[in-house]
């Protein structure tokens, strides 16, 4: 029999709306998070979408036995909203009726209803489907979602268009060994390590573009700062005056994100004990000077003149925080030898590039820079590096038929989230992290 | 030398803002899209971010030779804004000065500055970096970005939280042969065909979630409706009353998206000649009846009682459009044998499921349904299908420790875009499509 469906979004009352229903009877749905028995009554904490809600069971007003309830149950509850200053929301709900929608098969093997889940990171991740139900864990990923929302509203307001580039590629953007390979109908394919080449191509079509999506790195690093699949926030813009404009853009972006977090996630930030950093101005220091500064300040020998060691990034941030008060620092002009083939060299000194990294609380969270837009220059640099321009035919098509001066940057979403919330390990800011030892859950 | 960077977003004046600068001198940046020589003057069309702008060169007011300009050049221009009713924007800019920022290496081998790029789909895709610069092609992907923005604002307003689930997985959500495999540090990994299992897990933590991201299908189909990597819009919600709620939710979502497209993309929709469909109400017909209806109406024998043939989907849409005026139709209650292991069977008839597809203008764009939330039921259905529940340990952890009744759906972004804009081939709604024969650009 043919019927008709009309549009409707299922409504479920949330804790922050209870203020509108004081002394009224309301319907709620949630999962039983914790039951705290007192004498003659009990607190029943309900995990709701927005936050944990304090409900009260009592023989005097609840028309059901407390034994009906168990942790992990999904229920529909009916009760009266009562002002209660000691409750987090300022209200509690006196339960009158309950309808059990689903019952768990087993008791959880971990305690998840305390402020923190007190287990090792390994256990935390092994039991992700359970540990993510913890209130603080939920807050981390609500904040991460709000970061993405803040980024997108910034991009949208400033004319950046969202793109979706392929993750299955015939070639590799950055070359090298750190690429996952697979068989694609008899051809060799690679998983994208970055949308780099595509976002440059798209500058020729849409001028300002961005993408927030997964990238894949087959790096064998097993550190607190590496995962093998992460969410990359990629930005690219045409008609770039110089690469300083990209740093200005990134600060404006971060300021917008932090401002929006303040508005949308105050409770979650508090739960995570997070202090949002100031970013009205950020110091910039050239790479070579930064190396020197760290070396001199801490009497460290420079062992690698081309790149930072992680410890040097931490120390540089420490110096900058002391000298300028900034928890961010841009490091500019990385050496050409350490930057990819598409990086634009500094005209006055081709040993260095018009590039930057952004360090935040000791960790590199962004790499960016101006790109080569001229076809002949790009082909020349490829040849100097022993690369075959023919392998990049479609990429170079963008340059060949004209590209404006352009540049952009990539930001690691998990790294930003982790540093923002002072999580020591990037895995703590990843729902289901992938590393050299972990492919589940 | 240490310096300081302040936040700033580079501003570039766009055609729709010219109305504020009538008779003023303005600075513009863009790529030369087309030069149309007339007698004594020339139209110079500039490809700008927002749209193509008509500029005028003339010996009488332009302080440079027309020969300075060539198609594909990126330029900064200075000129006076003059009202011109015959121009698309209502204004044109009389060029006074020009600064060339970049010059193409070669003339394009294709004509891209006409309304349509008149080449085969193959050529269109082979030359994507160039053909995407065509105004209509740009419009397609601006609309696609606006669809995503509309989806996200709908989700955000209704309490759905954005998640990022892994694309590298140890197991497969749907099983079967249509999965890309790769070596992951000595282990076998699969590319996600869907975030299905993760979004169900996340219902236990965040209740309402969504993800817009890539999924990968190693299907050997080479049709106008299949690509091997596509962007899936995945939604999942807890405390579901019944699967009809999901169809209501999807209509509300589509209505919101179309409304936002009307506001944000009127010019692009016009360029694409697109008519947005009505979706105030959508007919629902059970699968078995739909098969019967098509068979009877068109005197077709039913060869496959379990699934639709593509032609049947087209015919069903044709019948529905005639009978109800709706360009959409929900088909419900697909057979259990054709739905995945997590689909909830209809209590009164376990041969069929609490599931639906949404067809739009002849094409299936969504699959959804209620899921099994009970641990024992889920394990039982797995065993009946010869699956090993132990291989799904972390997925089943969600059920084991309690999951609310829930369900959701997946929507193919490229399919929706293609049908909305009446593009015959889904590849035309994909920036860089991947199919059995294509891995570049």
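Values in this text are rule-based calculations from the coordinates and carry no lab data. Predicted model only: the values in this text are computed from it and were never measured. FYI the Cβ positions are ideal-geometry reconstructions off the backbone, even for glycines, and counts take in every protein chain you see.
Summary of values
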item: Rounded to 10°, Cα long-axis angle of helix B:135-157 versus longest principal axis of chain B; result: 50 degrees
item: Two-site FRET efficiency, residue A:298 against residue A:351, from Cβ-Cβ distance with R₀ of 22 Å, rounded to 0.05; result: 0.30
item: Percent antiparallel among DSSP beta bridges (both partners in the protein assembly as shown, rounded to 5); result: 90 percent
item: Nearest 10 degrees, 0 to 90: helix B:287-298 Cα axis against chain B principal axis; result: 70 degrees
item: Average other protein chain Cβ within 10 Å of Cβ, residues B:402-409; result: 5
item: For chain A, built as a Gaussian network whose Cα springs stay under 10 Å, the top-fluctuating residue of A:313, A:322, A:207; result: A:322
item: The range A:1-134: projected area of the alpha-carbon convex hull, averaged over directions, in nm²; result: 11.5 nm²
item: For residue B:6, label point 7 Å along C-beta direction: distances to other copies, nm; result: 5.6
item: Teacher prompt: residue A:393 distances to equivalent labels in other copies, 7 Å Cα→Cβ, nm; result: 4.9
item: Most mobile listed residue (B:223, B:131, B:417) in chain B, GNM with C-alpha springs under 10 Å; result: B:223
item: Label distances, nm, residue B:295 versus same residue in remaining copies, Cβ-directed 7 Å point; result: 8.2
item: Computed label-point distance, nm, for sites residue A:440 and residue A:17 using a 7 Å Cα→Cβ extension; result: 3.9 nm
item: Sequence of B:415, A:94 once ranked by neighbouring C-beta atoms within 10 Å, starting from the fewest; result: A:94, B:415
item: Tensor-based shape of the range A:105-231 (alpha-carbon gyration tensor, a/c under 1.5 rounded, otherwise prolate or oblate); result: oblate
item: Cα-derived Rg to Rh of the range A:135-429, Kirkwood definition; result: 0.95
item: Candidates A:209, A:331, A:75, ranked by Gaussian network fluctuation over chain A, Cα under 10 Å, top entry; result: A:75
item: Neighbour-count order for A:123, B:201, B:436, A:426, fewest beta carbons within 10 angstrom listed first; result: A:123, B:436, A:426, B:201
item: Principal-axis tilt of helix A:196-206 within chain A, Cα atoms, nearest 10 degrees; result: 90 degrees
item: A from B by rotation - nearest chain B beta carbon to the axis, in Å; result: B:182, 2
item: Over the range A:373-435: Kirkwood hydrodynamic radius from C-alpha pairwise inverse distances, Å; result: 14.9 Å
item: Sequence-separation-based contact order of chain A, relative, with Cα cut under 8 Å and 6+ spacing, percent; result: 13 percent
item: Stokes-Einstein D for the protein assembly as shown, Kirkwood Rh over Cα pairs, 4 °C, 1.567 mPa s (µm²/s); result: 44 µm²/s
item: Relative contact order for the range A:15-102, counting Cα pairs under 8 Å that sit 6 or more residues apart, in percent; result: 32 percent
item: Sorted by Cβ neighbour density within 10 Å, fewest at the top, the residues B:431, B:276; result: B:276, B:431
item: Number of partner chain Cβ atoms within 10 Å, mean per residue of B:200-206; result: 6
item: Shielding by other protein chains, B:248-255, mean Cβ within 10 Å; result: 3
